[in-house]
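Here is the structure we will look at.
Every number here is computed from the coordinates shown, using simple stated rules; none is lab data. Quick caveat: nothing in here was measured; it's all calculated off a predicted structure. Here the Cβ is made from the backbone with ideal geometry for all residues, glycine too, and neighbour counts use every protein chain on show.
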Amino acid sequence: MSYLLETDRLTKRYGSKNALDGVSIHVGEGDIYGLVGRNGAGKTTLMKIVSGLSDATSGEYKLFGKNKNALGNMVLEKGLLIEDPGIYPSFSGYENLRIKCIAHGINDKKEPMRLLEMVGLENAGKKAVKKYSFGMRQRLGIALAFVGDPKLLILDEPINGFDPEGIRDIREMILEKKKNGTTFVISSHILGELSKIATKYGFINEGRLVEESTTEELLEKCKSKVELLTDNAPASTAVLEDLGIRDYKVFDGGRIEIYEAFDRAGDITNALAARRIATLGIRKKYDTLEDYYINLMGGRREN
Amino acid sequence: MLRVLRADLHRLFRSPVFYITPAFMIGTVFLSAIRGSDVPFTMGLDTLILSASQMMSVITMAAVCVVMIFLWTQENRNGFIKNIAGNVRGRHIPTLSKLITGAIVTVIYTLATFLFVLFGNILNGGTIVKADAGDAIVQVLLWMLTGFVALSLMLLLFETTKSSALCYIATLLFWTKMIEELIIQLFYFLLKIDNVGRYLIIYGNVWENSGTAENFIRNALYLAVFGAAALIIAKKSDVR
């Protein structure tokens, strides 16, 4: 299967520390690839490497099916917003876009205005950027990334600083572009928002890719637990063991999460009652992306 | 590369610093030219020669360095370089564009200074000693080349350190000849070599026995070394 972007064991070392350690991701054409991880996990490092802003210590990546040194003019087919938007504060939004357009080989003087309209800054185009709010700067940064209508957008926390309306606007813009075949790699801490648009996820922790899943695979994994509340957790776990249930985790307050045997809730409550253990509550629960992420990063205790 | 160069020039011509800095520069040389050659020069020169005065060169080329350092650091400090470096075939391309932009600024500022010195001389009744036109052109070209060399040195320093303060200080030390003076004194006191000035940049240009061809070749070599080093470092360095 060919990918628009694929990395092969990318590693980035700073001194003795691996900011990125053997990461291999696979982004298909038309994907909205959500890169998820804690602060300092390596998301931005990975994005900088595939953007061309940084070199890997080892490993390779291919963009549009080509090695980085063979891209030629395809370098213009990627747009990026990495960390803070890079903008000249003393210039207007229009001028910032105009400079980027010229650097991209676009001489049409109307193009910056079109981009400003796309991100809702058409009335602020002539204002100096130093007078912009945080959200406006972020919108301008997104507009800069869209110069040249690139095939691949690499966006690092693009909805930072946006109010809910702004987040909705950016989400709709991304989905609109996706319909036209644009591919996205997006990192975000706001997992709930990412889950509304992402088609694939890469979970990064301490520089390593912990898991890579499509949305379908992730949904399958997320809807998988029975939450049990009893007055005697140790005795309850013995009952579960007797029933052949091994995949569970005990939390404070007598709460037990069971990750298998979802159709045996009745058996569990009956067995508990037979041993005179009170069932205070039992229910099937679906993990949110946050829950899944926290469990994944923290590790699940296996019995 | 041409796209990036056009973008750099577009930004340059819209930056107030491009116009404000030469205003001071031109004002200084213009007023000095009006005073003419009968007034001792504050920079310590005996005669203001129309073809190429060291004072004119120092002020002009220092102004070029100041303007370019400002533009380079601005691009890095506010992160706009990310918008450029991600869409080029190598991270040395923006640096090459900076070098060429600096060369263009050098030519513009040199011509502007030269014209104002000429104009000032007309106003003072032509009291400034004039050189032969051929000599004048050669000297102006030599000092422009020297300006490129200084610029490439500052660019190398910038790409290595990303420090605007260091680059401004280096500009001051370079164009006041303090760095070269220090090198000359060190070589003399430590190694008893008293002609090292011939091989330096500014002192070499005015060395008694160095010919014009030697001056051009020496400056071209320095330009090649500093310029290449700046490009290599830029290509290898990450964009922060």
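Annotation: for a label point projected 7 angstrom from Cα along Cα→Cβ of A:Ala278, residues of the range A:215-248 with backbone N closer than 17 Å are A:228-236. Is the shape of the range A:125-176 best called rounded, prolate or oblate, per the rule: a/c under 1.5 gives rounded, else a/b larger than b/c gives prolate, else oblate, with a ≥ b ≥ c the square roots of the Cα gyration tensor eigenvalues? It comes out oblate by the Cα gyration axes. Residues whose amide H falls under 5 Å from that of A:Glu83, counting only those 5 or more places apart or on a different chain, are A:Asp156, with hydrogens built in the peptide plane.
Here, the range A:5-213 is characterised by an Rg to Rh ratio of 0.96, where Rg is the alpha-carbon radius of gyration and Rh the Kirkwood radius. Rg and Dmax of the range A:196-297, based on Cα coordinates, read 15.9, 49 Å. In sequence order, the range A:196-205 has phi-based couplings of 7, 10, 5, 9, 8, 10, x, 9, 10, 9 Hz under the Karplus curve 6.51 cos²θ - 1.76 cosθ + 1.60, θ = phi - 60°, and Gly or Pro positions carry x.
Peptide B:10-20 shows a mean partner chain C-beta count of 2 within 10 Å per residue C-beta. A simple spin-label model places the labels of A:Asn39 and A:Asn270 5.2 nm from each other, with each point 7 Å out along Cα-to-Cβ. Database remark: amide H of A:Val210 closer than 5 angstrom to the amide H of A:Phe203, A:Ile204, A:Asn205 (H placed geometrically; neighbours at sequence offset of 5 or more, or on other chains; Pro and chain starts carry no H). The label-point distance for A:Thr214 and A:Glu290, in a model that sets each label 7 Å from Cα toward Cβ, rounds to 2.8 nm. Please work out the FRET efficiency for the pair B:Phe189 and B:Asp135, using the Cβ-Cβ distance as r and a Förster radius of 35 Å; give the result to the nearest 0.05. For B:Phe189 and B:Asp135, the calculated efficiency is 0.45.
So, by mean Cβ neighbours within 10 angstrom, what's the order for B:203-212, A:152-161 with the highest one leading?
Result, highest mean first: A:152-161, B:203-212.
For chain B, the normalised intensity computed at q = 0.08, 0.11, 0.17 Å⁻¹ comes to -0.32, -0.61, -1.28 (log10 of I(q)/I(0), Debye sum over alpha carbons, equal scatterers, no solvent).
Here the 3J(HN,Hα) profile of the range B:85-90, calculated from phi with Karplus coefficients 6.51, -1.76 and 1.60 at θ = phi - 60°, is 5, x, 10, 10, 7, x Hz, Gly and Pro shown as x. Computed 3J(HN,Hα) for the range A:76-84, one whole-Hz value per residue from the Karplus formula 6.51 cos²θ - 1.76 cosθ + 1.60 where θ = phi - 60°, is 7, 8, 10, x, 9, 9, 10, 6, 6, glycine and proline marked x.
Considering only A:Val226, A:Met136, B:Val58, the residue lying farthest towards the positive end of the dipole of the protein assembly as shown is B:Val58, judged by Cα position with unit charges set on Cβ. Counting Cβ atoms of other protein chains within 10 Å of each residue's Cβ and taking the mean over peptide A:102-110 gives 4.
When Cβ neighbours within 10 Å are restricted to other protein chains, what is their mean count per residue of peptide A:134-146? Please list the in-between numbers first.
Values: counts 0, 0, 0, 0, 0, 0, 0, 3, 0, 0, 3, 3, 0.
Per residue, the average neighbour count from other chains is 1.
Diffusion coefficient (Stokes-Einstein, Kirkwood radius over C-alpha pairs, 10 °C, 1.306 mPa s) for the protein assembly as shown: 57 µm²/s, rounded to a whole number. Mean residue ellipticity, 222 nm, helices only, chain B: the sum of -39500 (n - 2.57) across DSSP H runs of n ≥ 4, divided by residue count and rounded to 500, is -24500 deg cm²/dmol. The long axis of helix B:164-175 is offset from the longest Cα principal axis of chain B by roughly 20 degrees. If the label point is 7 Å along Cα→Cβ of A:Asn232, which residues in the range A:252-280 have backbone nitrogen under 12 Å from it? Within reach of a label on A:Asn232, which here means backbone N under 12 Å from a point 7 Å along Cα→Cβ, the range A:252-280 contributes A:272-279.
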